[in-house]
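One structure below.
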Amino acid sequence: MRECLKRLFLVVVATAVYAQQPQFEVATVKVLPPVPLGTPLPVNLGSFRNGTAMLTNTTLSECLQFAYGLVSDAQIAGPDWIKTRGVRFEIVGKAGPDVSRDQALLMMQNLLAERLKVSLHHEPREMSFLALVVAKNGPKLAPAKTGTPPAEIPSQIPGRVLHPQMPMAVLATLLSRFERQVVIDMTGLTGPFSVDLQWTPDALRNRVSQDGAAPLVNGQPVNVDGLSLPTALQEQLGLRLESRKGPVDVLVVDHAEKVPVDN
């Protein structure tokens with residue numbers, strides 16, 4: 001009897017805590033059914049626009065990466081299933097029109113804790129990473145353009161990053177995905193900025209066809225002799241990437257459920 005009362009007390013306390021946290025006005029969390037191996041999946045790794053946050057076909061690790069603003073899933077540890085595409089989620093959270101992106105991410109953190117019972121802790125771990133820093137001659141970043149939508153991670157087009165309002169943390173996230181390494185913003189620049197970065201990915205440099213035609217990305221020809229990413233970063237944005245090794249903040253998932261709790 002005493003143990004039952006104790007559990008009931010913990011549930012009441014947890015419910016009260018969630019009620020005091022920032023919440024979406026309306027939110028759905030769905031676990032998606034399995035699909036045959038090799039089936040193409042349209043993935044939305046996280047967006048927030050017009051008061052709505054959305055993730056589609058994402059692993060729990062990718063949901064956490066979005067909610068906590070992490071640049072790589074290397075910064076997330078936990079059970080193996082949280083990173084497998086066999087357990088995928090669709091999440092939609094709708095907030096008021098005046099809610100900022102930072103507020104929406106906090107709401108997403110609370111939603112994951114409430115519906116998927118995610119509990120975690122932070123832990124510094126030694127790892128190699130790329131530091132995004134200001135180049136020797138200073139930044140060459142244009143101020144953010146006014147009258148444009150809030151900053152979002154744009155479409156991931158190899159060799160192009162274009163957005164009128166981009167924080168450096170978002171740029172670091174994109175570079176991390178392109179480079180497949182942890183990239184951490186250490187520029188000290190508050191932003192946001194208008195970013196137009198163009199380069200030729202190394203993977204495309206040797207993809208010239210036998211007739212000499214340039215490779216196509218999204219139907220557009222790629223200049224195989226274009227700038228490398230390090231050169232483009234320095235010449236176009238006044239930034240550079242430095243290889244470093246040191247403690248990096250890692251989210252360790254202590255517990256999470258695969259099936260969402262209805263609310």
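The values are calculated or read from the model by the stated rules, or taken from the named source; none is laboratory data. Nothing here was measured: the structure is a model prediction, and the numbers come from that model. Using ideal geometry, Cβ is built from the backbone for each residue, glycine included, and neighbour counts are taken over all protein chains shown.
Only one entry in 173, 84 is under 19 Å from residue 197 (Cα atoms) and of a type in the set (S, T, N, Q), namely 173.
Okay, residues lined up against (1) modelled with pLDDT of 70 or more; (2) aromatic (Phe, Trp, Tyr); (3) not in a loop (DSSP other than H, G, I, E, B):
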residue: 172; (1), (2), (3): yes, no, yes
residue: 188; (1), (2), (3): yes, no, no
residue: 191; (1), (2), (3): yes, no, no
residue: 206; (1), (2), (3): no, no, no
residue: 209; (1), (2), (3): no, no, no
residue: 213; (1), (2), (3): no, no, no
residue: 227; (1), (2), (3): yes, no, no
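I'd like the residue in segment 110-122 that is touching a helix residue (DSSP H, G or I) at 6+ places or on another chain (Cβ under 9 Å) and surrounded by fewer than 19 Cβ atoms within 10 Å (Cβ to Cβ) and, out of all such residues, is farthest from residue 75 (Cα to Cα). That would be 113. Of all the listed residues (50, 57, 44), the sole one being at pLDDT 85 or above, surrounded by 14 or more Cβ atoms within 10 Å (Cβ to Cβ), on the phi > 0 side of the Ramachandran plot and not charged (D, E, K, R) is 57. Taking segment 123-138 as the range and being closer than 11 Å to residue 252 by Cβ and surrounded by 16 or more Cβ atoms within 10 Å (Cβ to Cβ) as the test, no residue passes. Quick one: in segment 21-50, which of the residues that are in a strand (DSSP E or B) and under 19 Å from residue 173 (Cβ atoms) is farthest from the chain's Cα centre (by Cα)? Top of the filtered list is 49.
For segment 236-244, does any single residue satisfy the condition of being at pLDDT 90 or above, surrounded by 13 or more Cβ atoms within 10 Å (Cβ to Cβ), within 23 Å of the chain's Cα centre (by Cα) and over 30 Å from residue 123 (Cβ atoms)? For segment 236-244, residues at pLDDT 90 or above, surrounded by 13 or more Cβ atoms within 10 Å (Cβ to Cβ), within 23 Å of the chain's Cα centre (by Cα) and over 30 Å from residue 123 (Cβ atoms): present.
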